[in-house]
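One structure below.
The values are calculated or read from the model by the stated rules, or taken from the named source; none is laboratory data. The model shown is predicted, which means the values in this text are computed figures rather than measured ones. Note that each Cβ is placed from the backbone with ideal geometry, even for glycine, and that neighbours are counted across all protein chains shown.
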Amino acid sequence: MAKILYIEASPRKDRSFSIATAKVFLEAYKANHSTDSITTLDLWSKSLPSFDGYILQSKYAIFHGLEHTPEQKKAWSEVEAIIAHFISFDKYVFSFPMWNFAIPYRLKHYIDILVQPTYTFSYTPQEGYKGLVVGKKACLICSRGGVIQKELNFKNMIFSFLI
C-alpha cells in the first residue's frame, strides 16, 4: 500500500484544467491501485510560513553549523512539520497551471519550504549537492491557457522576458 500526496496548486478549483486532469488521472490510478491512499494538499488553503525573521535565521544557522536559539527552534518547527509531512509519502502528484512561463507562486513557496539543507538535500565539496528524498515517484500535471494575439511573436516574447 503506497501513500500518495496530491498537491493541488491552482486557485481556480472547478474552472481549473490542471485540477480536472488530475482528478481523471487519480480516479484511474485508484481503480488500478485500490489499496493505495491519496491525500490532497490544497496549497491555496494551506497556511505556509514566511521565510523571514526567525525562520530565515534558522535556515542560515543550519548552513553555518550553528545551534538554533529557542526562538529559532520554535519558528523552524513549522518548516520541519511541512517537510516531515511531505517526506512521509511514497509518491507525489502535482497539478498546477503555468503562469507567466513558470509555476504559481504558492507552489514555488511550498518548494522553497521543502528544499532545506540536511532535510531534503546535503552538500559536500566532494559530492556537491545530493538529494535526500530518493526512490519516490512524482507525476506533474500542468496546464496553460490564455489568449495570445496572432501577430504576437511568442519566441521573441520569451527571449525578451528572459533578458
### Query
Do you know which of the residues in region 122-138 that are at pLDDT below 95 and surrounded by 10 or more Cβ atoms within 10 Å (Cβ to Cβ) is nearest to residue 97 (Cα to Cα)?
122
### Task
Only residues that are within 20 Å of residue 110 (Cβ to Cβ), among the acidic types (Asp, Glu) and assigned to a helix (DSSP H, G or I): list them for region 51-83, please.
78, 80
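When region 9-37 is examined, which residues are found to be farther than 17 Å from residue 145 by Cα and not aliphatic (A, V, I, L, M)?
Those that are farther than 17 Å from residue 145 by Cα and not aliphatic (A, V, I, L, M): 23, 25, 27, 29, 30, 32, 33, 34, 35, 36, 37.
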## Note on the structure
Within region 117-134, of all residues that are among the small types (Gly, Ala, Ser) and over 17 Å from the mean Cα position of the chain (by Cα), the one nearest to residue 61 (Cα to Cα) is 122
### Message
Just to be sure I understand the filter: pairs with C-beta atoms under 6 Å, separated by 6 or more residues or on different chains, first member in region 117-128 and in a strand (DSSP E or B), second member among the hydroxyl-bearing types (Ser, Thr, Tyr). Which pairs pass?
### Response
121/129; 123/129
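Residues are listed down the side, and each one gets a yes or a no for (1) at pLDDT below 95; (2) of a type in the set (Ser, Thr, Tyr); (3) under 30 Å from residue 145 (Cα atoms); (4) in contact with a Leu (Cβ under 6 Å, 6 or more places away or on another chain):
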| site | (1), (2), (3), (4) |
| --- | --- |
| 46 | no, no, yes, no |
| 62 | yes, no, no, no |
| 73 | no, no, no, no |
| 89 | no, no, no, yes |
### Message
Any residue at all in region 98-106 that's in contact with a Cys (Cβ under 8 Å, 6 or more places away or on another chain), surrounded by 13 or more Cβ atoms within 10 Å (Cβ to Cβ) and either of a type in the set (Val, Ile, Thr) or at pLDDT below 95 (or both)?
### Response
yes
### Summary
Scanning region 1-45 for residues that are touching a residue at least 40 places away in the same chain (Cβ under 8 Å) and of a type in the set (Lys, Arg), the one farthest from residue 86 (Cα to Cα) turns out to be 12
